[in-house]
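Colleague: Handing you a structure now.
Derivation of every value follows stated rules applied to the coordinates shown; laboratory data play no part. The shown structure was predicted, so the numbers you read here are calculated from the model rather than taken from an experiment. Neighbour counts are summed over all protein chains in view; Cβ atoms, including those assigned to glycine, are modelled from backbone coordinates with ideal geometry.
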Amino acid sequence: MSLNENLEKLEEAIQAACRDVGRHRSEIELMAVSKTYPAETMLEAEKLGLRLFGENRVQEFAAKAPALAPCRESGLLAGSDEPIQVHLIGHLQSNKALRAAELFDAIDSLDSVRLAERLNDAAGKLHKRLPVLIEVKLSTEETKDGLDPKSAEAAQLLERLPDLPHLHLRGLMTIAPFGVPEAETRACFRTLREWRDKWAAAHQKLHFETLSMGMSGDFAPAIHEGATRIRVGTALFGKRTPYTEPETDPEIEPDTESGQR
């Protein structure tokens with residue numbers, strides 16, 4: 001199927017999930033997860049009206065960014081005045097904070113106080129206020145990144161964020177466990193919503209309007225449980241090709257601290 005056909009099918013499924021729970025389609029942002037796909041595929045998606053993209057790796061997107069520059073400035077390719085936005089949704093090492101702040105419109109995978117401080121410093125140097133989401137780990141899978149919401153680190157991060165003027169917390173992100181019954185998936189998404197409500201009440205200087213949860217295989221349960229943003233890749237673009245790490249980006253500062261993430 002073509003990208004246009006995939007998008008039409010996806011939109012039908014999103015609208016069906018919204019109808020199931022009495023939500024309006026406008027409540028759900030669709031993020032096109034473009035990791036491993038070339039810039040040309042992103043440009044094709046832009047022409048179809050997609051405006052929000054998610055990338056996993058700093059160096060991978062650095063190679064794509066020049067080809068996307070015109071539509072990031074004005075959305076010219078779709079004849080729109082609305083530029084596209086590209087968010088980092090993958091784990092970010094703190095030594096790549098400055099490069100990430102330069103390349104991306106937002107960081108959706110904030111998971112430590114150290115990274116928050118590095119991103120705040122980087123955004124300050126660039127004279128920008130960088131939107132961020134806290135990535136929350138609600139799965140026991142070791143491959144998952146994110147903060148344990150019950151941890152001291154999570155509590156410290158929430159206390160620290162109001163004092164970081166170049167970061168703008170917008171909400172939370174999580175990834176549900178793979179290959180589990182739908183009831184378990186829904187419980188994961190419900191738990192993120194409950195943490196959002198709890199933290200929003202306790203930290204009224206911070207903003208928690210975004211709940212980024214649900215991917216190609218589980219976006220419908222996520223919508224049922226309150227997602228405001230879903231992240232869809234393969235259902236849009238088709239099967240991914242394996243990622244090959246490009247040569248080291250010379251603009252990324254070396255990591256000189258032992259054990260630094």
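Colleague: Only Cα pairs within less than 10 Å get springs; with that Gaussian network setup on the chain, which residue of VAL21, VAL232, VAL180 has the largest fluctuation?
Modeller: Ranking VAL21, VAL232, VAL180 by mean-square fluctuation puts VAL180 first.
Colleague: Just to verify a number: FRET efficiency for ALA13 and ASP105, C-beta to C-beta distance, R0 = 25 Å, to 0.05?
Modeller: The formula returns an efficiency of 0.40 here.
Colleague: Tell me which of ALA235, LEU157, ILE84 sits at the most positive position along the dipole axis of the range 3-237, charges placed on C-beta atoms (Lys, Arg +1; Asp, Glu -1).
Modeller: The Cα lying farthest towards the positive end belongs to LEU157.
Colleague: With θ set to phi - 60° and the Karplus curve 6.51 cos²θ - 1.76 cosθ + 1.60, what are the ³J(HN,Hα) couplings of the range 220-225 in order, to the nearest whole Hz, using x for Gly and Pro?
Modeller: Using θ = phi - 60°, the values come out as 5, x, 5, 4, 4, 9 Hz.
Colleague: I would also like to ask the following. Can you run phi through the Karplus equation (6.51, -1.76, 1.60; θ = phi - 60°) for the range 179-193 and list ³J(HN,Hα) in whole Hz, with x for Gly and Pro?
Modeller: Each residue's phi maps through the Karplus curve to give x, 10, x, 4, 4, 6, 4, 5, 4, 4, 5, 5, 5, 4, 4 Hz.
Colleague: Right, another one. Consider the candidate values (1) 56, 45, 31; (2) 51, 49, 31; (3) 48, 40, 34; state which one is Cα extents along the principal axes in Å computed from the structure displayed.
Modeller: Computed from these coordinates, Cα extents along the principal axes in Å corresponds to label (3).
Colleague: Let me ask another. Order by neighbour count: THR228, THR241, fewest other Cβ atoms within 10 Å first, most last.
Modeller: Ordered by Cβ neighbours within 10 Å, fewest first: THR241, THR228.
Colleague: As a test of the formula, what do you get for the chain when each DSSP H run with n ≥ 4 contributes -39,500 (n - 2.57) and the sum is divided by the residue count, at 222 nm and rounded to the nearest 500 deg cm²/dmol?
Modeller: Rounded to the nearest 500, it is -12000 deg cm²/dmol.
Colleague: Same structure again: For the pair SER151/ALA39, report the inter-label distance in nm, with labels modelled 7 Å from Cα in the Cβ direction.
Modeller: 3.6 nm
Colleague: Please give the peptides 110-123, 147-160 ranked by average Cβ packing (other Cβ atoms within 10 Å per residue), highest first, as a rough proxy for protection.
Modeller: The peptides rank, most packed first, as 110-123, 147-160.
Colleague: Here's something else I'd like to know. So which of LYS9/LYS96; LYS47/LYS137; LYS128/LYS239; LYS128/LYS205; LYS137/LYS205 end up more than 26 Å apart by C-alpha?
Modeller: In this structure, LYS9/LYS96; LYS47/LYS137; LYS128/LYS239 lie more than 26 Å apart at Cα.
Colleague: If you average the sequence gap of Cα pairs under 8 Å that are 6 or more apart and divide by the length of the range 3-237, what percent do you get for the contact order?
Modeller: It rounds to 20 percent for the range 3-237.
Colleague: Based on the Cβ-Cβ distance from ALA63 to VAL21, what FRET efficiency comes out when R0 is 35 Å, to the nearest 0.05?
Modeller: 0.30
Colleague: List HIS24, HIS207 from most exposed to least, where exposure is judged by having the fewest other Cβ atoms within 10 Å.
Modeller: Ordered from fewest to most neighbouring Cβ atoms within 10 Å, HIS24, HIS207 come out as HIS24, HIS207.
Colleague: Using a Gaussian network model on the chain with a 10 Å cutoff between Cα atoms, which of ILE223, ILE134, ILE84 fluctuates the most?
Modeller: ILE84
Colleague: Once phi is turned into θ = phi - 60°, what whole-Hz ³J(HN,Hα) does the Karplus curve with 6.51, -1.76 and 1.60 give for every residue of the range 59-69, x standing for Gly and Pro?
Modeller: So the Karplus estimates, Gly and Pro as x, are 5, 4, 6, 4, 6, 8, 3, x, 5, 9, 3 Hz.
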